[in-house]
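Written below as structure tokens is the structure these notes are about.
The values are calculated or read from the model by the stated rules, or taken from the named source; none is laboratory data. This structure is a prediction, so every number in the text was calculated from the model and none was measured. Cβ placement follows ideal geometry from the backbone for every residue including glycine, while neighbour counts extend to all protein chains displayed.
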Amino acid sequence: MARLPYREKADLPEDQQSLLAREITLFKCMTHSPGATRAFQGLGGYIRHKSRLDPRLREIAILAVGWITQAPYEWSHHVKIGQDFGVSEDDIRGVIAACKGEASSLEPVALLIVKAAGEITNGLAVTDDTFAALQKHFDNECLTDLVITMAFYNAVVRYLGSMRIDVEPDYQPYLDKFPLEKPMY
């Protein structure tokens, strides 16, 4: 159960109700700080809808962060969102295997992204060798967007875990189909 109450549109002043255009538990809790919610939604919206980074590879990066941190909300949401952007069930199983250090069916660039996600999540920065390898696949803009995406979702999972944001019933089937091994909360 979340540590702060979820807010509904009716709980918000009229000029803040648009913050709940997507009525998900993440935003229902986050609206306790309207300014932070607007800033969060701005960067999240850029990552999802305006970045030139290949959407499937972006989602593989986010899934890797979600798996490594064992974040139920992030994982369940991006299993679904990833599929909307071309991530296959084999890709999801490949992310899981790669994160566990097992053989994976992912192509080399996707494996490199999973490696980078592990480095930024566990070591707080992408290593020089991995960064140099990524530069062979991405121009500077897409590489910047990839690092921002991984960093942003590391922040997201820490917020989700700290606030104990619940997975909505609509997303639970994705968590059931691809369960985490040791959820963070």
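Among the residues making up the range 81-95, a single one is aliphatic (A, V, I, L, M) and either at pLDDT below 95 or surrounded by fewer than 20 Cβ atoms within 10 Å (Cβ to Cβ) (or both): ILE81. Only residues that are free of Cβ contacts under 8 Å to residues at least 12 places away in the same chain and either within 12 Å of ILE60 (Cβ to Cβ) or hydrophobic (A, V, I, L, M, F, W, C) (or both) were counted in the range 84-105, giving 4. Filtered by the rule that a residue be under 16 Å from HIS137 (Cβ atoms) and touching a residue at least 40 places away in the same chain (Cβ under 8 Å), the range 106-124 gives LEU106, VAL109, ALA110, ILE113, VAL114, ALA116, ALA117.
Which of the following residues is within 22 Å of VAL114 (Cβ to Cβ) and in contact with a Phe, Trp or Tyr (Cβ under 7 Å, 6 or more places away or on another chain): SER88, SER76?
Working: SER88 fails: in contact with a Phe, Trp or Tyr (Cβ under 7 Å, 6 or more places away or on another chain).
So the residue among SER88, SER76 that is within 22 Å of VAL114 (Cβ to Cβ) and in contact with a Phe, Trp or Tyr (Cβ under 7 Å, 6 or more places away or on another chain) is SER76.
Checking each residue in the range 28-46 for being surrounded by fewer than 20 Cβ atoms within 10 Å (Cβ to Cβ) and in contact with a Lys or Arg (Cβ under 9 Å, 6 or more places away or on another chain) picks out HIS32, GLN41.
Only helices (runs of 4 or more DSSP H) wholly contained in the range 1-105 count here; list those with 1 or more residues that are within 28 Å of CYS142 (Cβ to Cβ) and more than 19 Å from the chain's Cα centre (by Cα). Spell out how you get there, then give the answer.
Values: elements: 25-30, 34-49, 55-69, 72-84, 89-99.
So the answer is none; nothing clears 1.
Taking the range 136-185 as the range and being of a type in the set (D, E, K, R), touching a helix residue (DSSP H, G or I) at 6+ places or on another chain (Cβ under 8 Å) and not in a helix (DSSP H, G or I) as the test, the residues that pass are ASP166, GLU168.
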